[in-house]
Amino acid sequence: MPVPTFLEYGRILPMQTGIVFDIKEFAVHDGPGIRTTVFLKGCPLRCTWCQNPEGISSEPQTMTSPAGERIAGQRYTSRKLADLLNSQADILRRNEGGVTFSGGEPLMQAAFLAEVIDRLDNLHTLLDTSGYATEQDFKLVAAKVDLIYFDLKIIDNNALLHYVAVDNTMIIHNLRLLPSLGTPFVVRVPLIPGVTDTDENLAAIAETVKPLAGLKRVDLLPYNKAAGGKYAAAGMTFAANYDESREVNANVTPFEQRGIPVHVA
Amino acid sequence: MNERLEAMKKRVREREHAKLRQDIEVQPDNDRYEREGVSWHGRMSDSFRALCEAEKPIILDGERIVFTRTIKGIPTPAEPPEVRAAREKGNGSVGVANISANWDLAVSQGLLKRREIAAASLERMADDEEAVQSMTACIEVIDAALDLAARYADEARAQGRDDLAEILDHVPAHPPRTFHEALQSFKFLHSLTWMQPTAHVTLGRFDQYMLPYYQADLDAGRITEDEAYELLCELFISFNKDNDLYPGVQQGDNGQSIMLGGVKPEDGSCAVNALTYLIMRVSHDVNMIDPKINLRVDTNTELDLLIEAAKLTRRGLGFPQYANDDVEIQSLVNAGYDLEDARDYVVAACWEFIIPSVALDVPNINAVNFLAAADTAIREGLAAQDDFDGIMDRTRQNIFDQVDVYVASWRRWSLYHPYPWYTVLMSNCLETGRDANRGGVKYYNCGIHGSGSANGADALAAVKTFVFDNSVIERGDLMTALVTNFENDEPLRKKLLNEGPKVGNNDDYVDDILIKLFNDFADACESHKTDIGRSTVVRPGTGSAMYYVSLVRCKQEEMMEPVVEGASADGRHKGDFIGSSLAPSPGVQIRGPVSVLQSFSKIDYSRICNGGPITMELADTVFRDEDAIRKVAMLIRTFVELGCQQLQINTLNVETLQDAKAHPELHKNLIVRVWGWSGYFCELDEPYQDHIIGRHMLAM
Ligand code: SF4
């Protein structure tokens with residue numbers, strides 16, 4: 001179903017607005033080519049290892065550090081954000097890149113995001129998502145983008161709920177929708193020591209993603225002890241309920257055994 | 001690098017050669033000069049000869065390219081009485097530094113041929129006193145150099161180094177027969193250039209003038225690429241040997257800069273060659289501060305070359321620095337340089353674009369302080385109830401006034417210090433019987449740096465938006481805040497700093513003001529036509545040199561440039577630094593390097609030829625893999641395609657990180673890669689910062 005944007009039943013509707021907590025250019029590790037990453041604010045997962053604490057709340061908040069203060073969370077109309085991105089469209093296209101939408105969970109603002117993407121000037125788009133969204137929101141955006149980074153954490157629901165505020169049902173459901181949408185995707189697994197990096201969990205992830213057409217590869221992202229670095233600046237408390245000092249188990253075997261391309265970042 | 005080279009580098013780093021230095025000082029023979037009425041030329045050549053004679057040939061274990069200084073000081077002879085008298089009347093003297101010799105000519109002809117040419121001019125111009133003095137002096141310095149070279153050959157024989165003796169018997173007297181001889185000849189000539197009172201001896205288009213020797217050896221099967229690599233490594237290591245002796249500069253700030261790539265002067269065709277690539281690899285592997293690498297690029301430059309350059313950038317040495325031929329050549333032509341000369345451009349010490357062989361430009365006579373021009377205009381304009389255009393008019397007038405003062409002072413620099421040795425090394429000087437600094441070359445222009453442009457534009461834009469367009473700040477409140485250094489109004493300062501439009505975000509509102517500042521500067525320079533001493537043009541530039549400190553920290557009485565002594569309307573506290581060359585103001589929030597390039601691409605460089613790089617810092621974690629390095633290469637290509645002029649990329653190293661920890665307010669945009677993500681370094685808690693610093697230390 002096409003999203004109503006400006007004109008519906010002959011009357012002018014207000015443009016969608018969204019809240020963005022950062023825009024970073026030349027994000028060399030966020031997808032192909034020279035790209036700009038837009039960080040959308042708000043995430044219901046609240047993973048205990050989340051490294052972008054200012055991305056969790058949907059409201060603007062002040063980041064205070066010795067460098068001074070800055071407001072994380074600025075409201076954009078879809079046009080303003082798209083104009084900003086389009087002002088670099090030639091450069092991004094010329095250099096094999098485009099725009100990455102990350103967060104937070106960008107699908108929390110699916111209607112806004114869809115409208116921004118519609119306004120983009122023929123730019124490669126990448127959605128970096130936890131997969132937690134209604135089917136409608138997920139399809140709305142996932143069908144529009146050129147590539148998806150789908151972050152998978154823990155397959156076992158009970159285990160997941162120790163660390164994350166929501167369960168897997170919608171996430172796995174949306175993951176399995178991907179082949180039918182036709183958008184290529186990369187599954188990305190943050191390796192949290194003793195949590196996501198167990199052999200059983202990695203095997204369960206491999207087993208889950210194996211049958212999915214459109215899977216380009218699996219990226220394993222080793223945990224780094226700086227995950228909690230921004231909490232104080234955001235006025236929040238970092239409470240890791242896992243052993244940060246443990247070596248991560250970047251075990252690629254479960255993937256290789258199943259013939260899935262795998263890459264340790 | 002192999003073991004031999006690593007050992008050589010280690011010895012240089014440990015400064016073993018410095019132990020061989022003689023504890024003597026060569027004094028100019030001033031009494032005799034006075035008594036006998038020796039000319040200024042003659043004083044220079046005699047002092048140079050005395051220093052050469054006092055030098056001791058040093059051949060260190062296993063060296064294949066030799067020359068090591070043993071005497072620290074450089075004798076500077078007293079000026080002759082008529083020069084002293086002129087000086088007392090308020091005239092200044094212009095020495096020679098920061099220029100690029102015709103290394104090609106000097107190496108390829110050899111000193112004996114240079115001597116022949118000087119002797120012919122001496123004979124032909126026997127009635128021309130200036131020519132006689134100059135050519136006599138040139139012959140004296142050539143003879144002194146040849147004598148020292150002969151003693152080096154003897155020393156080689158005495159040490160049983162017949163391989164070296166054979167080379168030293170031949171060069172620098174004769175044209176080199178091999179690549180090895182060419183490098184030795186160059187080493188000798190370049191080292192001697194430091195043995196006169198000068199600074200910043202740049203190396204020019206090394207990949208161009210060395211290519212014929214390399215190519216001939218390759219064609220004749222006399223050398224392999226690996227052997228050439230080894231010789232070049234040795235030469236490059238040797239540039240770091242005596243750089244503590246170079247006069248009057250911070251270590252490293254010595255102008256030993258190489259310009260690679262670019263186009264050929266005769267037809268503008270691509271000049272990139274096998275040596276361009278090889279030198280970049282050598283510089284990467286040698287990994288020392290000298291020589292500094294510059295690379296000329298244009299829209300036709302292969303991405304492969306930029307990838308090699310990006311790998312060198314990853315080293316964190318702060319080079320290569322990139323110059324855009326598409327922009328700079330035209331800009332030099334517009335300033336009055338002949339096309340062939342413009343196509344041959346190199347950099348002087350840091351970034352100033354100069355023409356080798358035929359120019360003795362002084363590209364750094366002073367610096368315009370844009371922030372001072374804007375700040376004074378804002379303070380006076382607000383008090384006088386100006387509208388915003390009135391403030392812009394005042395800013396323009398202030399820029400004109402600054403340039404007028406500098407040009408007036410430059411005019412008084414009218415005593416032209418002879419330089420016999422440089423005269424030997426430049427085009428057409430021996431041929432015409434004229435000292436390089438006294439009529440021998442084609443161009444004697446002057447250049448003025450342009451500092452604080454981003455801060456100046458930000459300050460004006462803040463006033464425009466907050467005071468005029470949106471009327472959210474009262475004139476009086478802003479005035480009070482500036483006078484009191486925001487003591488009682490921190491919220492106002494934050495508003496100016498965090499909510500004002502800032503250069504570096506590709507925002508026309510403020511970028512238009514930036515453009516205007518440089519146009520005003522170009523107009524001011526162009527308003528001087530016949531009143532600039534022996535210069536034909538005054539060249540405006542975008543560089544800041546050390547001015548980004550001195551223009552906001554020094555006392556006014558110490559400086560000819562206006563100093564910004566207080567706070568400024570961009571939200572800057574009294575005493576805080578301004579940006580270096582072309583960079584966003586320190587402490588402002590920007591989205592990243594693409595917007596920075598877009599902002600600075602808007603300057604009309606066709607009228608701004610003096611140089612001064614867009615300066616950006618990338619965390620070395622950006623360069624994690626081949627794919628990311630390729631993206632850095634694409635960023636450099638973007639710089640070219642946007643029509644910017646010059647670019648310097650700094651890869652963050654541990655020192656920067658430590659400074660960021662101590663002075664976070666100056667490094668707000670410092671981005672570090674932490675895990676599968678990047679973050680602002682200053683927002684990380686201390687232990688995490690320490691962790692990353694530790695990681696960077698390990699990475700060294
Ligand atoms: S899904 Fe990502 S953004 Fe959301 S809480 Fe987890 S780590 Fe943070």
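The table for this structure:
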quantity	calculated
Of all accessible heavy-atom area on region A:19-264, the percent that carbon and sulfur account for (1.4 Å)	48 percent
Between B and A, accessible area buried - total, square angstrom, nearest 100, 1.4 angstrom probe	3800 Å²
Sites residue B:120 and residue B:289 - FRET efficiency at Förster radius 56 Å, r taken between beta-carbons, to 0.05	0.85
Solvent exposure, largest accessible area first (probe 1.4 Å, DNA, RNA and ligands not counted), of A:163, B:443, B:277, B:345	B:277, A:163, B:443, B:345
Pairwise centroid distance, computed over Cα atoms, of region B:310-341 with region B:18-81, Å	36 Å
Dipole magnitude (debye, nearest 20) for the protein assembly as shown, charges at Cβ of Lys, Arg, Asp, Glu	1180 debye
Spread of Cα-to-Cα distances over 5 Å intervals beginning at zero, given as percent, for region B:426-466	6, 18, 14, 8, 7, 6, 6, 8, 8, 8, 6, 3, 1
Segment residue B:408-residue B:554, length gained on full extension (0.36 nm per residue, minus Cα span)	50.3 nm
Dimensions in Å of region B:390-482 - Rg and Dmax from alpha carbons	23.0, 68
Region A:45-194 shape via C-alpha gyration tensor axes, a/c threshold 1.5	oblate
Unit Cα scatterers, Debye sum, region B:1-194: log10 I(q)/I(0) for q = 0.11, 0.14, 0.16 Å⁻¹	-0.60, -0.92, -1.14
Farthest toward positive dipole pole in the protein assembly as shown [+1 Lys/Arg, -1 Asp/Glu at C-beta], among B:204, B:75, B:580	B:580
Residue B:392 accessible area, 1.4 Å probe, all protein chains in place, Å² to nearest 10	20 Å²
Net length gained if the chain between residue B:113 and residue B:516 were fully extended (0.36 nm per residue, minus Cα distance)	139.9 nm
Whole-percent carbon and sulfur share, accessible surface of chain B, 1.4 Å	48 percent
Part-to-part distance (alpha-carbon centres) for region B:597-626 and region B:150-197, which is given in Å	40 Å
Accessible surface, 1.4 Å probe, highest first, among residues B:560, B:135	B:560, B:135
Top of A:94, A:35, A:188 by mean-square fluctuation, Gaussian network on chain A, Cα under 10 Å	A:94
Residue B:580 - accessible surface, heavy atoms, 1.4 Å probe, Å² rounded to 10	40 Å²
Selection from B:108, B:30, B:65 lying farthest towards where the dipole of region B:1-194 points positive, charges on Cβ	B:65
Surface/4 of the Cα convex hull for region B:520-570, nm²	5.1 nm²
Förster-model FRET efficiency, 51 Å R0, residue B:4 and residue A:264, C-beta, rounded to 0.05	0.85
Compactness index (Cα Rg / 2.2 N^0.38 Å), the protein assembly as shown	1.05
Cα-centre dipole for chain B with unit charges at Cβ (Lys and Arg positive, Asp and Glu negative), debye to 20	620 debye
Most fluctuating residue given options A:190, A:53, A:66, as computed from a GNM of chain A linking Cα atoms under 10 Å	A:66
Sequence of B:444, B:416, B:33 from largest to smallest accessible area, 1.4 Å probe	B:416, B:444, B:33
P(r), alpha carbons of chain A - 10 Å bins starting at zero, rounded %	7, 29, 36, 22, 6, 1, 0
Long-range amide H partners of residue A:101 with built H, under 5 Å	A:38, A:126, A:127, A:128
Separation of the residue A:172 and residue B:495 label points, Cα + 7 Å toward Cβ, nm	5.5 nm
Inter-part distance where region A:150-178 and region B:628-656 are each reduced to a Cα centre, Å	40 Å
Percent of Cα pairs exceeding the 28 Å cut-off, where the set is region B:229-373	24 percent
Cα-centred dipole magnitude for region A:57-160, charges only on beta-carbon of K, R (+1) and D, E (-1), debye, nearest 20	260 debye
Computed helical MRE - 222 nm, chain B, DSSP H runs ≥ 4 contributing -39500 (n - 2.57), nearest 500	-14500 deg cm²/dmol
Label-to-label distance, nm, for residues given as residue A:134 and residue A:253 (7 Å Cα→Cβ offset)	4.5 nm
0 to 90° range, to nearest 10: angle between helix B:453-462 axis and chain B longest Cα axis	10 degrees
Between helix B:179-193 and chain B: long-axis angle, C-alpha atoms, 0 to 90°, nearest 10	70 degrees
Positive-pole candidate from B:484, B:274, B:532, dipole of chain B, charges at beta carbon	B:484
Value of Rg/Rh across region B:199-313 [Cα atoms, Kirkwood radius]	0.98
Stretch gain in nm, segment residue B:14-residue B:665, where the contour uses 0.36 nm per residue and the Cα spacing is subtracted	230.7 nm
Inter-probe distance in nm under a simple model that places probes 7 Å from Cα toward Cβ, at residue A:143 and residue B:244	7.2 nm
Rounded to the nearest 10 Å², the accessible area of residue A:139 at probe 1.4 Å	80 Å²
Principal-axis tilt of helix B:40-54 within chain B, Cα atoms, nearest 10 degrees	70 degrees
Estimated Rh, region B:331-422: Kirkwood, alpha-carbon pairs, angstrom	16.2 Å
Rounded to 5, percent antiparallel among DSSP beta bridges of the protein assembly as shown	30 percent
Globularity index of chain B, i.e. its alpha-carbon radius of gyration over 2.2 N^0.38 Å	0.99
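The values are calculated or read from the model by the stated rules, or taken from the named source; none is laboratory data. Source: prediction; values computed, not measured. Glycine gets a Cβ as well: all are built from the backbone with ideal geometry, and neighbour counts include every protein chain shown. Accessible surface areas use protein heavy atoms only, side chains included; no ligands, DNA or RNA. Shrake-Rupley method; radii C 1.70, N 1.55, O 1.52, S 1.80 Å.
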